[in-house]
Amino acid sequence: METMSKTDLEDFRLETRKWLEENCPASMRTPVKDSGDFFWGGRNTSFKNEDQKIWFEKMLQKKWIVPYWDTKYGGGGLSDEENNILTQEMTRLGCRKPIFSFGISMLGPALHKFASEEQKMRFLPEITAGKTWWCQGYSEPNAGSDLAGLQTKAEDKGDHYLINGSKVWTSYADKADWIFCLVRTDFDAPKHNGISFLLIDMTSEGVSTRPIKLISGKSPFCETFFDNVKVPKENLIGTLNDGWTIAKYLLTHERQMIGGVGETDVRRELHEIAKENLAFRDGVLADPVLRTEIAVQGMNDSIFEMTIQRIMDEAKTGVNAGALSSFFKYYGTEQNVSRMELLTAITGSDGLIWESENEDAKVQARLFCRSKGNTIEGGTSEIQLGIISKRILNLPS
Amino acid sequence: MALILNEEQKMLKDSANEFLAMNAPVEQFRTLRDNNYQAFDQDLWQEIVEMGWTALTFPEEFNGLDFGYVGLGQVMEEMGKRLTKAPLFSSIVLAGTALVHSANQGLKERWIPALMNGTKRLAFAQDEKSYFDPNNTATTATKTGNEYTLNGCKKMVIDGAGADGFIVVAKTDEGDLGLFLVDAESEGITMTTEVLLDAGTYAQIDFNAVKIDASQRLNDVGNGNALLNHINNTAAICLSAEMLGMITEAFGQTVAYLQERQQFGKRIGTYQALQHRAAKLFCEIELCKSVVIKALQGLDNKAENIDQLASLAKAKLGDTIKLVTNEAMQMHGGIGVTDDVNIGFYFKRARVAQRLFGDYNYHLDRYARLKAY
């Protein structure tokens with residue numbers, strides 16, 4: 001790819017800004033309340049409203065569903081600089097993502113790195129067109145933190161694998177079209193060396209799902225069951241029994257995604273919310289304990305943001321930031337959990353509302369409950385601390 | 001602006017690292033302490049001058065390098081790693097910043113070259129109580145004709161003993177703060193010194209009707225608070241850089257100890273209780289690195305939110321240095337509380353550094369006030 005000069009990039013910025021202003025509907029420039037406000041794509045989903053449809057289709061025509069992927073896979077072919085500009089301009093205008101897709105954020109990077117060209121041509125264009133809703137089949141009832149202990153079995157039956165077992169915490173499995181799955185293909189090898197990475201069509205015979213209700217009252221999570229499911233061998237990604245390599249690679253992407261919880265949303269600072277809810281005395285918050293807690297949260301939120309920037313800037317100069325995804329995941333989710341705890345303290349009894357006849361009421365208690373999962377999903381805080389101590393600090397095992 | 005060092009800044013950091021590793025390892029700190037708490041080594045100070053570190057933040061019109069605070073911050077960080085004793089902070093960061101931002105051209109021309117080439121040293125006299133409280137200065141400067149009369153008592157003057165003069169903060173009868181450059185030999189000055197637990201010597205200076213010519217005043221009437229605020233921000237940020245060096249070194253020594261120390265037949269770094277605590281320290285230190293470079297850049301860019309950046313840096317570093325040095329002591333076990341190993345030096349210096357120019361509580365409160373809550 002040719003590198004663009006500074007003037008070309010500035011032109012690109014101005015064109016992008018103009019195009020976004022002309023094509024992004026006003027309602028698509030408002031913050032989302034929850035993930036349900038996003039368009040998720042897939043074979044069976046419909047748009048929530050006309051604006052969402054217009055916005056998705058405009059971006060699709062522009063090839064900006066995944067602007068930084070190669071054009072042969074339906075991407076926009078933008079350079080890193082151009083893609084950064086597009087992201088900055090979308091953030092500036094408050095544009096929503098045209099689609100929320102694990103295919104883009106998680107599976108895509110793994111396919112780029114590990115799939116054959118044939119597999120890439122088969123799966124990536126479907127992702128950039130928003131036609132496949134992907135979900136993730138990693139955890140199992142007996143393989144949570146000890147993910148590599150997974151037991152879902154894939155038996156070699158000549159032209160296909162026969163799958164038996166179950167997965168848990170499969171977000172949106174009841175709506176998804178396909179699942180990317182870790183399965184055990186060798187029961188005799190050490191546990192990390194007998195795992196393979198398989199793509200499974202959710203409409204295959206023998207696949208069933210059951211939703212899981214969380215303490216927040218509802219959730220996208222499901223259990224997914226595989227009962228003698230036949231999967232063609234060409235759906236194996238990478239090398240047989242080397243799926244753990246792909247799993248680890250993909251987990252770093254997931255951690256970054258969870259670590260950045262809320263980072264893309266407009267997040268009001270806690271002290272602003274405190275000003276609306278709490279008493280002030282002599283120009284400062286009257287509750288000294290809460291004031292200190294808010295200041296500590298504000299300090300660390302603000303410095304954590306600087307840290308994300310610093311590490312990204314360092315990565316651009318070639319410093320390997322791989323193991324740091326555990327730091328992002330750990331710190332980002334711990335901050336989010338403490339933020340929700342404080343938000344609940346600041347909003348008093350209003351923050352405890354579960355349901356209300358008043359339409360304007362913010363149902364924050366459910367979000368608070370949901371946040372408790374942040375430091376568990378995608379590898380618990382304790383798992384991340386273990387990775388930091390071993391992979392970054394080189395502490396012995 | 002990218003939160004990384006540019007090539008020149010990296011080179012400066014590398015050369016500071018090399019130079020100090022060779023000429024001022026932490027053993028030198030021990031030697032100076034054991035030599036009746038000697039303040040610093042004059043030969044080392046001269047070499048530091050020759051390295052150009054004293055010229056980094058002075059403008060070109062005084063033959064300074066105009067290299068900026070990010071550069072000086074790297075030197076401070078490297079000095080922090082080895083607890084290097086030198087009057088760089090007192091004479092260059094504090095007095096130097098005061099002079100650079102002074103409105104008094106005569107004082108600048110007279111003093112900046114002398115500070116840069118190390119022939120003279122100045123110390124900064126601000127604190128009056130046992131805690132940092134820049135908004136309540138009690139020392140007074142009363143004007144009569146072309147002369148001020150200074151009365152008051154200053155504490156915690158860093159490198160005060162042996163300084164050629166002091167920059168003294170006083171309340172004037174013109175209704176604002178004045179910063180005065182007072183010759184150390186002036187009549188009416190009495191100095192006593194105290195050694196604190198970091199083996200540093202701090203002066204208490206009594207100013208009893210000390211006469212100062214009005215031409216010794218650094219700031220124009222009405223600008224005293226702004227100048228003092230800028231000095232205090234700069235001090236907090238440069239101290240944070242020094243503290244970052246102490247933190248990374250104390251942490252590095254601790255991780256190394258976890259890797260080698262054996263108990264119950266295995267290395268103690270295999271225990272999860274210690275692994276997780278070390279990993280948490282790692283995370284906090286990552287935050288420290290970011291806020292220090294951001295704040296140093298803020299000084300160079302004249303960032304509008306420099307007050308906030310200074311308080312964020314000093315609050316975060318003040319909090320983390322306590323945590324890291326306490327954990328370092330605990331994880332070193334019995335040997336950590338002996339004077340034979342160096343880890344205790346970091347613990348002791350941390351207690352002083354986190355207090356100078358405002359501790360965690362002060363800066364967290366200031367940060368909240370700046371955000372209007």
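The values are calculated or read from the model by the stated rules, or taken from the named source; none is laboratory data. Given the structure is predicted, the values throughout are model-derived calculations rather than measurements. Neighbour counts run over all protein chains shown; Cβ positions are idealised from the backbone, glycine included.
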If you check A:Q119, A:Q136, which single one turns out to be under 15 Å from A:L250 (Cα atoms), in contact (Cβ under 8 Å) with a residue 40 or more places away in the chain and not acidic (D, E)?
A:Q136
Looking for whichever is of a type outside the set (F, W, Y) and on the phi > 0 side of the Ramachandran plot here; the options are B:D66, B:D41. Which one fits?
B:D66
Taking A:T209 as the residue in question, decide whether it is in a loop (DSSP other than H, G, I, E, B) and either of a type in the set (V, I, T) or touching a residue at least 40 places away in the same chain (Cβ under 8 Å) (or both).
no
Restricting to the stretch B:303-312, name every residue that is more than 10 Å from chain A (Cβ to nearest Cβ) and surrounded by fewer than 22 Cβ atoms within 10 Å (Cβ to Cβ).
B:A303, B:E304, B:N305, B:I306, B:D307
Scanning for something in the same structural domain as B:M246 (by TED's automatic domain parsing) and touching a strand residue (DSSP E or B) at 6+ places or on another chain (Cβ under 9 Å), does the stretch B:323-341 turn up at least one residue?
yes
B:D183 fails exactly one of (1) modelled with pLDDT of 95 or more; (2) touching a helix residue (DSSP H, G or I) at 6+ places or on another chain (Cβ under 9 Å); (3) within 18 Å of B:N229 (Cβ to Cβ), namely (3)
Output for Cβ contacts, cut-off 7 Å, separation at least six or different chains, first residue surrounded by 15 or more Cβ atoms within 10 Å (Cβ to Cβ) in the stretch B:176-187, second among the acidic types (D, E), reads B:A184/B:D164
Name the single residue, out of those in the stretch A:76-117 being among the acidic types (D, E) and farther than 20 Å from A:K316 by Cα, that is modelled with the highest pLDDT.
A:E117
Within the stretch B:157-175, which residues are among the hydrophobic types (A, V, I, L, M, F, W, C) and either buried (at least 24 other Cβ atoms within 10 Å of the Cβ) or assigned to a strand (DSSP E or B) (or both)?
B:V157, B:I158, B:A163, B:F166, B:I167, B:V168, B:V169, B:A170
Just the residues that are free of Cβ contacts under 8 Å to residues at least 12 places away in the same chain and within 21 Å of the chain's Cα centre (by Cα), please, taken from the stretch A:49-85.
A:N84
Looking only at the stretch A:315-330, filter to residues that are more than 20 Å from A:N394 (Cβ to Cβ) and either among the acidic types (D, E) or facing chain B (nearest Cβ under 9 Å) (or both); which one of those is surrounded by the most Cβ atoms within 10 Å (Cβ to Cβ)?
A:K316
Identify the residue in the stretch A:277-311 that is more than 9 Å from chain B (Cβ to nearest Cβ) and closer than 30 Å to A:Q88 by Cα and, among all such residues, is surrounded by the most Cβ atoms within 10 Å (Cβ to Cβ).
A:Q297
Looking at the stretch B:172-182, is at least one residue at negative phi, out of contact with any Gly (no Cβ under 7 Å at 6 or more places or on another chain) and among the hydroxyl-bearing types (S, T, Y)?
no
Step by step: first the residues of the stretch B:276-302, then only those that are within 14 Å of A:M306 (Cβ to Cβ) and of a type in the set (D, E), then the one that is nearest to the other protein chains (Cβ to nearest Cβ). Which residue is that?
B:E286
Within the stretch B:313-351, residues buried (at least 17 other Cβ atoms within 10 Å of the Cβ) and among the β-branched types (V, I, T) come out as B:T320, B:I321, B:V324, B:T325, B:I343
Residue list for the stretch B:1-58, filter: more than 19 Å from the chain's Cα centre (by Cα), closer than 30 Å to A:M306 by Cα and polar (S, T, N, Q)
B:N6, B:Q9, B:S15
Counting only residues that are more than 14 Å from chain B (Cβ to nearest Cβ) and closer than 26 Å to B:K280 by Cα, how many does the stretch A:331-360 have?
8
In the stretch B:257-315, the residues that are small (G, A, S), under 30 Å from B:V100 (Cα atoms) and part of a helix (DSSP H, G or I)
B:S290, B:A295, B:G298, B:A310, B:S311, B:A313, B:A315
Pairs under 7 Å by beta carbon, first residue at the interface with chain A (Cβ under 10 Å from one of its Cβ atoms) in the stretch B:1-18, partner surrounded by fewer than 13 Cβ atoms within 10 Å (Cβ to Cβ), six or more apart or different chains?
B:I4/A:T317
Being among the basic types (K, R), in contact with a helix residue (DSSP H, G or I) (Cβ under 9 Å, 6 or more places away or on another chain) and closer than 16 Å to A:F226 by Cα is the filter here; which residues of the stretch A:158-192 pass it?
A:R184
Is it the case that A:I200 is crowded, with 23+ Cβ neighbours inside 10 Å and touching a helix residue (DSSP H, G or I) at 6+ places or on another chain (Cβ under 9 Å)?
yes
Taking interchain pairs and intrachain pairs at least six residues apart, which have beta carbon atoms under 6 angstrom, with the first residue in the stretch A:350-379 and touching a residue at least 24 places away in the same chain (Cβ under 8 Å) and the second aliphatic (A, V, I, L, M) and loosely packed, with under 14 Cβ neighbours inside 10 Å?
A:C369/A:I215
B:A241: part of a helix (DSSP H, G or I), at the interface with chain A (Cβ under 9 Å from one of its Cβ atoms), of a type in the set (G, A, S) and crowded, with 23+ Cβ neighbours inside 10 Å, yes or no?
no
Do we have any residue at all in the stretch B:348-370 that's in contact (Cβ under 8 Å) with a residue 40 or more places away in the chain, within 14 Å of chain A (Cβ to nearest Cβ) and among the hydrophobic types (A, V, I, L, M, F, W, C)?
yes
